[in-house]
1. Could you please find all residues in segment A:25-62 being touching a residue at least 60 places away in the same chain (Cβ under 8 Å) and more than 14 Å from every other protein chain (Cβ to nearest Cβ)?
2. Only one of (1) part of a helix (DSSP H, G or I); (2) within 14 Å of chain A (Cβ to nearest Cβ); (3) more than 30 Å from B:MET79 (Cα to Cα) fails for B:GLY242. Which number is that?
3. It is to be established whether one or more residues within segment B:349-367 are modelled with pLDDT of 95 or more and not in a helix (DSSP H, G or I).
4. If only one of B:SER234, B:SER271 is more than 10 Å from chain A (Cβ to nearest Cβ), of a type outside the set (Lys, Arg) and either part of a helix (DSSP H, G or I) or buried (at least 21 other Cβ atoms within 10 Å of the Cβ) (or both), which one is it?
5. Residues in segment B:138-152: is at least one modelled with pLDDT of 95 or more and within 16 Å of the ligand (Cβ to nearest atom)?
6. May I ask you to say which residue of B:ILE29, B:ILE78 is within 10 Å of the ligand (Cβ to nearest atom), crowded, with 22+ Cβ neighbours inside 10 Å and at pLDDT 95 or above?
7. Quick check on A:GLY88: is it surrounded by fewer than 18 Cβ atoms within 10 Å (Cβ to Cβ) and out of contact with any strand residue (DSSP E or B) (no Cβ under 6 Å at 6 or more places or on another chain)?
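The values are calculated or read from the model by the stated rules, or taken from the named source; none is laboratory data. Since the structure is predicted, the reported quantities are computational estimates derived from the model, not experimental observations. Cβ placement follows ideal geometry from the backbone for every residue including glycine, while neighbour counts extend to all protein chains displayed.
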Amino acid sequence: MTATPHLNTEHPKHNLTGFIIFLCSESVIFLAFFSGFALLKTAALNWLPPGVEGLEWRTPLLNTVVLISSSGTIWLAERCMSKGNLMGFRAFWLLTMALGAYFLYGQAVEWSGLQFGFTSGVFGGTFYLLTGFHGLHVATGVFLMGLMLVKSFIPQNYAGGEQGVQATSLFWHFVDVIWIILFVLLYVWQRS
Amino acid sequence: MTSATFPPSPPENTSWSRYFGFNTDAKVIGIQYIVTAFFFFLIGGLLAMIIRGELITPPADLVDRTVYNGIYTMHGTIMLFLFIFPVLNGLNNLLIPTMIGAPDMAFPRLNAVAFWLVPIFGALLIGSFFVPGGPAYSGWWSYPPVSTQNPLGHFINGQGLWITAVALSGVSSIMGAINFVTTILRMRSPGMGFFMMPVYCWTALAAQSLQLIGLPALTGGAVMLLMDLSFGTSFYQPEGGGDPVLYQHFFWFYSHPAVYVIILPVFGIFSELFPVYSRKPLFGYVYVCLASFIIVALGLVVWVHHMFPSGVAQWMRNFFMFSTMLIAVPTGVKVFAWLGTIWRGKLRLTTPMLFCLGGLFNFVFAGITGIMLATVPVDIHVSNTYFVVGHFHYVIYGAAVMGIFAAIYHWFPKFIGRMPYEGLGKLHFLLTFIGANLNFLPMHPLGLMGMPRRVSSYDPEFAFWNVLASLGAFLLGVSIIPFLLNMVSAWVRGPKAPHNPWNAIGLEWLLPSPPPEDNFGEHVPTVISRPYGYGTGAPLVEHQAEIEKQLTLQEASA
Ligand code: HEM
């Protein structure tokens, strides 16, 4: 491999463009899962497996609040960075990571207390598929944030506004919006 | 910008070894894609020969019935996911950067990763021939409940490998699509607005947008299928409250647009080549470009026409019948644009032009049977018969594969730097054109007579047309020989190609043949007109004459 100067080093915006295109595409998977869920649910005769009353909504509601506020903290982190306040950026960034981790913890607690499994009919299947796939995205988001946090200690790396930070924060808002739809579908719309 | 340092010198590193490693140059990746794709084309073609060999006589005498199921499933899957998509991605890699004057793709490393996934999932798919129980046998669309059976109970089974391979193919194609779209949107040369772009880039942009919208749905659906097959969920199992038709929606939401992913770039190839070999500007450039995106929009809302017999609501049937017929309009616009281009042109019947004309002929024929199929009553009558097999092979082999051959002959001199042989090329065309029509035309009467697809034995009353079809298939098999001979011998010792052997207009023809690794490098010319100024003498870029003169000088001194 020879080190040819590629145009994309001259146009640093390519990465962000590519990432936005990726997110648009990624949202179609969720769209597919959501519409599949809605179709199966409206067509079901017995949606809930025997012995299951419905979903408990308090833990998830707390999780929702946590995730939405983390969208706020990541925004603050970005603002700190654009003002050149690297310490503030790291503080809010870390706080966002902590909120994300707490969300995952809450999800795990909820899962461990449930009466049904992945194979308990379509109800169990769709529930674990949706929450699991979303949880995977939350975990990815936390991992990406960790990566960016480490990078922020490399001198000069954050001089001109790092795109990685922008992309990660975009991703985080995306995960947040998906969760809100998911919450409405799974926990608010309980009656079939 | 000066053009004094232009043109860049031809590439230095031309060793063979770079084709076998992780290389980030789009031109290397393009050739890797195309060669890999043709390797799988031979395997898929061999399977097709076995199918037609079985069908030359009415009884099932050549292969076992269950083996036959595996063979047509793998034939369809290999041809689509390991031949057609990779070969088109290969063309995209070669053509998009050079046509828009970019040094490379936007994300060269992602590009290489996307390519290397192809041999990996190819190996998975071919490997499924050797697992207990054999390869997947539920047809290339793998509908449940057939595809969620696992009679032998092995965790690694043909169907599981099939789903994994298709999901990986989706990942690879999405990576590719992100790259192509970003490159086209952000890396065009100075002066090249959207309505100055070559039509091929328009069609590639349209096709890749479809990949981005459709593929995730298929991948999601495939993940759920794998869960059902291997982990005991019941998304598609009525016993657990699931719905097998849901899978069909996921599958066709992607797989119908997939046919436009295949045919749109071929429209692009036609639109590039007809003007070159008719010496006339492309007729109706703006309409041809816009029609691509109308096809994208409509292509996303026609998928249920594959499910007319699957128990969908009547309003859906009506709606999707209408939308399917509507799509004939933008397609017709293109056909008339090409006819308008050829009309009264000074036709040069070179190999690429012959493939284009043959492809256009077959495409028009397939369009007529397509409209027949769009009509619900006809579709329900001939669904699952050979009529459908005939229809889509006319599109895929008759139009798309012929268009791809045209593109290969047309751009071979540019990217390999040597001229393919015309005689062998014309022989290849003749065998392909006769073979394809002899193979696929008889499938239409067979279907109307009621011969079902996916069977290895049939009533003797169908024998006549089947013998014809099989002879055509063997002719197609033979047609590959002059092609391979031509490619290999031209690559090794063909006459050196000048920078513009066909007198074509386009940025890629202002590069040496083969182009240097970073194409124009820093000295991207400024585009001042559309690349279709045939017969008008309008220059494509600033300092055109100077650039041409230097390229010719460079060639003379080489
Ligand atoms: C060498 C030329 C070819 C011949 C002779 C051929 C022949 C056939 C035949 C006879 C079938 C029907 C099998 C059955 O229903 O029992 C078939 C199915 C199919 N072919 Fe081809 N084919 C050729 C090339 C291609 C190409 C180039 C593609 C795509 C790029 C393709 C894609 C398919 C697909 C998707 C199916 C459907 C498989 C299924 O039913 O699941 N074929 N082919």
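1. Within segment A:25-62, A:GLY51, A:GLY54, A:LEU55, A:TRP57, A:PRO60, A:LEU61 meet the criteria.
2. (1)
3. There is at least one residue in segment B:349-367 that is modelled with pLDDT of 95 or more and not in a helix (DSSP H, G or I).
4. B:SER271
5. no
6. Checking each option against the conditions leaves just B:ILE78.
7. In short, yes.
Okay, residues lined up against (1) farther than 29 Å from B:ALA222 by Cβ; (2) surrounded by 14 or more Cβ atoms within 10 Å (Cβ to Cβ); (3) touching a residue at least 12 places away in the same chain (Cβ under 8 Å):
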residue	(1), (2), (3)
A:LEU95	yes, yes, yes
A:TYR105	yes, no, no
A:ALA108	no, no, no
A:PHE118	no, yes, no
A:THR131	no, yes, yes
A:ALA139	no, yes, yes
A:LEU149	yes, yes, yes
A:PHE153	yes, no, no
